[in-house]
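The values are calculated or read from the model by the stated rules, or taken from the named source; none is laboratory data. The structure displayed is predicted, hence computed values, not measured ones. Cβ placement follows ideal geometry from the backbone for every residue including glycine, while neighbour counts extend to all protein chains displayed.
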């Protein structure tokens, strides 16, 4: 694995799930592997779980860690090719990234969608420049269109908590006061459709995700119908892809409530966090024994550690 | 010791002072104790001494450290129970803290008083939720009503510099341009009244601290009378507790000056820092050989190390 | 070496270049040297290369590292002697620095020129107070008038890439939309004039650097004449020293372009970064094989490591 930015970077998905479970049993087994190697974590956006779980994973591997917030600790970066840089931006991303590659053996990058320009976001302008100019493995800490570490942790969590040979997994859109990227649901679909599950996406009309991700996956506009008999309910808001970045509805009848959960087969509730309580999901559901949100968060460590360990292996080859 | 947020968390205070002195003599003796353990330090407010001394202490113990500023690196947190989260706040403190508990073996937290709502501050709304939801030991890095690490370091400093069997210690209110919390004086009284000292508090009328802390301690409105014969003068501003969060006076006759110090028995001068020079204390006093402010700051390391070492011991039991 | 803030702190410059090359060959050879020592890195201004390369160097030496941004993580600092501190600033720099000295074995400090008051900047108000009050070695991470780590890395880079016994090195002023300090060109001249090179400075009239640095160095107002036959072209903008902090011209005919480079003897192009592309230098030049900008950035690690290793040696003596 050269970089880890999307599902297709993984060689053998089933094998990676097994490897994560092994890492979870003995997180310090490979503590010597990171010796004298430096992981740089670079944030263009806020982060809590990703920031902390990736540091924890790196510490488990004995890596040196450098964390930097580009928002206020460094310089504003220009991304346009050929720009005459006489404005606000002090440095071109290609120079900054070339430099980071001199100091880091692996680079983690968080760079969200701006939700203004679909092409720019889905072509992953910033992530692509990091891959092009860094000269070292890139670990996505959530990019404009994907959040692979979250989905890898989600896959592990489903795998651990599944009691069925082929569980029904429902990804349900939920209301939210802000326009959010599609990164989490995109990645979720990209990963989970490769598991032995029945995957259904449910959302109001106008909220279809890019077919690049949903091809071959059942989409159901009737949330109740989708939830019926579900084993896992994964709630998540996203803004419209087709009317790019728009909020089309904040319909609270899509909130995951106890009533909704009664339609399921005693389903587990999942969310990547942060979550708007009593908007995306009711307190009663997220605080119930069926809620896996903390289990998901814990598994972020092992997803990150799997990715780092794999990228480090690549370094020594 | 399960958490360290107040005096009563300490089992044997005299013993803890002895243990700190031992740690100070050989700070690296327990360097193996923190192996593979992670300390998370989370700040809702600025910090210099606490931030640095706690990191230094953790490094002495071989702990992994993760530092995060909630003010601008993470998400804004909701604290109200049952809130419908459709406003500015992206995550509920209970979810955030539950997650932190997945990644950290000990959590350090700084969360100041807002000085607007006495009940909220003195019920320690944020600290309480950390204790309730983290599932791991909490180390207070200053909460709304207490600053135990400061007071533990102050106790050590008094213990080291005392030349009397029962020294006279005066906590004196001092003027300040801003409204400050009562956390430092509250903790100071809570700790120092348990030492073999004669403790007196002096402040203008209207500045009485909560009786919860001052019960049994002599209060003297005449600063000169209080200072007479003192062995230690601890200066500190605080805003009014009874007229909660108000500045009632900025009377500069309360500034600790050379004249005031002449009333004492060649007293040592103490302050927790940061200090407003020539408002709280004159340059001549804080820069004199009698000033212990740097000794106090250094002892912050050993107070933090004692607390971490004790909490880590608790982990292994 | 007691501190590293300027050229004159170095004992034997030729020897230091050899030592850096040795460190570069085996960066982990002295990994035990930093054991149980703490490097504090304190930033009053943004930083990317300096921040990361110094951390990397410190990790190579096995140092503990504490990083802090004074801009938003700590308190605002007062610098005036004898100030009555009843305004915005919560702490005097002398108290803050005295405290840092309790926690750190070496202190790295970045504090830029404000470009408003020449005397204040060139007397190095903040740096001087760190030296005066810290009680431990100070490593300049760029001060108001100098950037020694950059120039040490530049000297190493010139030394590595020189194919002439006495190469011609041209420091050329270049246009820029913002008023920048003279720290980089000052230090560059201070260091490079002590190498076996022919050093020429070229700039428009009004941009003369302080004679304190340029004494004995040829200055040429005709950029084309200066560039002719050059082996190294070091481009850098700075604001006027004589009309302190002013932008006198943004004349784009000073931009280092392919045409300009044709005047040279196939010169190497150098810049400290961050750089305004197509203002200071054209894309074609900085992206050409002649560009050493990434080599310079990499050498920042070994310059920092040399400085830290030397300062640590001083500690053990």
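Can you tell me how many residues within segment C:287-310 are surrounded by fewer than 24 Cβ atoms within 10 Å (Cβ to Cβ) and part of a helix (DSSP H, G or I)?
Total meeting the criteria: 6.
Given B:311, B:248, which one is in contact with a strand residue (DSSP E or B) (Cβ under 6 Å, 6 or more places away or on another chain), more than 13 Å from chain C (Cβ to nearest Cβ) and within 28 Å of residue B:121 (Cβ to Cβ)?
Working: B:248 fails: in contact with a strand residue (DSSP E or B) (Cβ under 6 Å, 6 or more places away or on another chain).
Just one listed residue meets the conditions, B:311.
Would you pick out the residues in segment B:272-284 that are in contact with a helix residue (DSSP H, G or I) (Cβ under 6 Å, 6 or more places away or on another chain), more than 9 Å from chain C (Cβ to nearest Cβ) and either touching a residue at least 60 places away in the same chain (Cβ under 8 Å) or within 22 Å of residue B:163 (Cβ to Cβ) (or both)?
The answer is B:272, and nothing else.
At least 3 residues that are touching a strand residue (DSSP E or B) at 6+ places or on another chain (Cβ under 8 Å) in each: list the helices (runs of 4 or more DSSP H) lying fully within segment A:11-103 that qualify. Before you say what the answer is, go through the steps one by one.
Numbers: elements: A:13-25, A:49-60, A:93-103.
Where helices (runs of 4 or more DSSP H) fall fully within segment A:11-103 and carry at least 3 residues being touching a strand residue (DSSP E or B) at 6+ places or on another chain (Cβ under 8 Å), they are A:49-60, A:93-103.
Filter segment B:138-163 down to the residues that are touching a strand residue (DSSP E or B) at 6+ places or on another chain (Cβ under 9 Å) and surrounded by fewer than 21 Cβ atoms within 10 Å (Cβ to Cβ), then identify the one that is nearest to residue B:24 (Cα to Cα). So that I can check it myself, show each step before the final result.
Kept after step one, since they are touching a strand residue (DSSP E or B) at 6+ places or on another chain (Cβ under 9 Å), are these residues of segment B:138-163: B:138-143, B:146-149, B:152, B:154, B:157-158, B:161-162.
Add one more test, that the residue is surrounded by fewer than 21 Cβ atoms within 10 Å (Cβ to Cβ), and what stays is B:161-162.
Numbers: B:161: 15, B:162: 18 Å.
Residue satisfying both the conditions and the ranking: B:161.
Exactly one of (1) out of contact with any strand residue (DSSP E or B) (no Cβ under 6 Å at 6 or more places or on another chain); (2) modelled with pLDDT of 95 or more; (3) part of a helix (DSSP H, G or I) is unmet by residue C:130. Its number?
Unmet condition: (1).
Counting just the residues of segment B:42-69 that are within 12 Å of chain A (Cβ to nearest Cβ) and free of Cβ contacts under 8 Å to residues at least 40 places away in the same chain, which one comes out farthest from residue B:307 (Cα to Cα)? Before the answer, list the steps.
So in segment B:42-69, the residues within 12 Å of chain A (Cβ to nearest Cβ) come out as B:42, B:62-69.
Of the ones still in play, those that are also free of Cβ contacts under 8 Å to residues at least 40 places away in the same chain are B:62, B:64-69.
Working: B:62: 14, B:64: 16, B:65: 15, B:66: 17, B:67: 18, B:68: 20, B:69: 22 Å.
Residue satisfying both the conditions and the ranking: B:69.
Tell me, which helices (runs of 4 or more DSSP H) wholly within segment A:170-239 include 1 or more residues that are over 19 Å from residue A:259 (Cβ atoms)? Explain how you work it out, then say what you get.
Numbers: elements: A:183-192, A:211-214, A:223-227.
Qualifying helices (runs of 4 or more DSSP H): A:183-192, A:211-214.
Would a scan of segment B:106-127 turn up a residue that is in a helix (DSSP H, G or I), within 14 Å of another protein chain (Cβ to nearest Cβ) and closer than 24 Å to residue A:53 by Cα?
So the first thing to find is which residues in segment B:106-127 are in a helix (DSSP H, G or I), and the list is B:118-122, B:125-127.
Right, trim to within 14 Å of another protein chain (Cβ to nearest Cβ) and you get none.
The answer is no, given that none of the residues of segment B:106-127 is in a helix (DSSP H, G or I), within 14 Å of another protein chain (Cβ to nearest Cβ) and closer than 24 Å to residue A:53 by Cα.
Scan segment B:253-265 and give yes if some residue there is assigned to a helix (DSSP H, G or I), more than 13 Å from every other protein chain (Cβ to nearest Cβ) and in contact (Cβ under 8 Å) with a residue 60 or more places away in the chain, otherwise no.
Restricting attention to segment B:253-265, the residues satisfying the condition of being assigned to a helix (DSSP H, G or I) are B:253-254, B:258-262.
Of the ones still in play, those that are also more than 13 Å from every other protein chain (Cβ to nearest Cβ) are B:253-254, B:258-262.
Imposing the further condition that a residue be in contact (Cβ under 8 Å) with a residue 60 or more places away in the chain reduces the set to B:254.
Scanning segment B:253-265, I find at least one residue that is assigned to a helix (DSSP H, G or I), more than 13 Å from every other protein chain (Cβ to nearest Cβ) and in contact (Cβ under 8 Å) with a residue 60 or more places away in the chain, so the answer is yes.
Does segment B:70-105 hold any residues that are more than 13 Å from residue A:286 (Cβ to Cβ), within 7 Å of another protein chain (Cβ to nearest Cβ), touching a residue at least 12 places away in the same chain (Cβ under 8 Å) and more than 27 Å from the chain's Cα centre (by Cα), and which are they?
Hit for segment B:70-105 is B:90, nothing else.
Hey, residue C:261 hits all of (1) under 23 Å from the mean Cα position of the chain (by Cα); (2) buried (at least 16 other Cβ atoms within 10 Å of the Cβ); (3) under 25 Å from residue C:204 (Cβ atoms) but one; which does it fall short on?
Single failed check for residue C:261: (1).
For the subset of segment C:23-41 comprising residues that are facing another protein chain (nearest Cβ under 10 Å) and within 23 Å of the chain's Cα centre (by Cα), which member is surrounded by the most Cβ atoms within 10 Å (Cβ to Cβ)? I'd like the intermediate steps shown before the answer.
Taking segment C:23-41 as the starting set, the residues that turn out to be facing another protein chain (nearest Cβ under 10 Å) are C:27-28, C:31, C:35-38, C:40.
If we keep only those that are within 23 Å of the chain's Cα centre (by Cα) too, we end up with C:27, C:38, C:40.
On the way: C:27: 18, C:38: 21, C:40: 24.
Checking each candidate, the answer is C:40.
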